[in-house]
Amino acid sequence: MATINLSDYKPLNISNADEYSIGIVVSEWNDFVTYNLRNGAIETLKAEGIKEENIHIYYVPGAFELSFATMKLCRSNKFAAVIAIGNVIRGETPHFEFVCSGVTQGIKDCNILTDTPAIFCVLTDDTKEQSIARSGGSLGNKGVEAAATALKMIDFNNKTSKL
């Protein structure tokens with residue numbers, strides 16, 4: 001288990017950040033976690049210069065639906081990056097493994113099949129307490145980390161677009 005705050009980062013100073021549109025897909029399942037992740041991502045994007053009107057939020061029922069929605073946004077070519085936000089907490093059945101595997105593969109496919117970076121911000125925890133700790137609690141907010149990752153991948157995409 002991590003013992004540091006994973007949300008600490010230095011300002012990125014991405015040039016032309018105000019020109020980028022970011023898509024964020026948020027699972028409504030476990031919204032006590034996903035809405036905190038969403039808020040951390042939005043705050044970070046705005047602090048880095050993304051205009052509020054260029055942050056587009058879309059909601060889906062659960063984590064499994066993130067793949068479809070993220071792929072749709074990535075294929076639209078309207079976004080510099082898309083962040084997929086969800087939370088799956090282990091239960092007593094194998095359902096946890098199926099959902100986690102499916103959404104992980106789906107977001108991975110977005111990265112392989114499109115030119116838009118898809119950022120994986122899906123907490124897959126054993127307990128509710130672990131999810132709370134990673135969504136604004138004692139271990140920071142993975143939404144902040146996802147937003148910083150999105151901006152770094154946009155920068156990477158821009159620097160390598162001529163390759």
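Let me have the relative contact order for segment 104-151, percent, based on Cα pairs under 8 Å that are six or more residues apart.
Averaging sequence separation for qualifying contacts and normalising by length gives 28 percent for segment 104-151.
Here the contact order of the chain, divided by its residue count and restricted to Cα pairs under 8 Å and six or more residues apart, works out to 31 percent. Each Lys or Arg adds one and each Asp or Glu subtracts one; over the other residues with Cβ under 11 Å from the Cβ of G136, this totals +2.
If you add up the charges near V26, with Lys and Arg at +1 and Asp and Glu at -1, over every other residue whose beta carbon is less than 11 angstrom from its beta carbon, what do you get? Working shown, then result.
Values: positive: R38; negative: E28, D31, E65.
Summing Lys/Arg as +1 and Asp/Glu as -1 gives -2.
From its DSSP helices (H runs of at least four residues, each -39,500 (n - 2.57)), the chain gives a residue-normalised ellipticity at 222 nm of -14500 deg cm²/dmol.
Computed over every Cα-Cα pair of segment 31-94 and binned at 10 Å starting from 0, the pair-distance distribution P(r) comes out as 18, 47, 28, 6, 1 percent.
Name the helices (complete DSSP H segments) of the chain with a Cα length along the long axis of 18 Å or more and a Kyte-Doolittle mean of at least 0.0, or state none.
Working: long enough: 31-47 (23 Å, -0.16); 95-113 (27 Å, 0.44); 142-159 (25 Å, -0.13).
Counting only whole DSSP H runs, the qualifying helices are 95-113.
Dipole magnitude for the chain: about 400 debye, using +1 per Lys or Arg Cβ and -1 per Asp or Glu Cβ, origin at the Cα centre.
Can you tally the net charge around C121? Count Lys and Arg as +1, Asp and Glu as -1, for every other residue whose Cβ sits under 11 Å from the Cβ of C121. Taking every other residue near C121 into account, the sum is +2.
Stokes-Einstein D for the chain at 20 °C, 1.002 mPa s, Kirkwood Rh over Cα pairs, in µm²/s? Answer, rounded: 136 µm²/s.
With semi-axes defined as the square roots of five times the eigenvalues of the C-alpha gyration tensor, the equivalent ellipsoid of segment 105-163 measures 28, 14, 5 Å, largest first.
Bear in mind that the values in this text are calculations on the coordinates, not laboratory data. All values derive from a computational prediction rather than experimental measurement. When we count neighbours, we look across all protein chains shown, and the Cβ atoms used for this are built from the backbone with ideal geometry, even at glycine.
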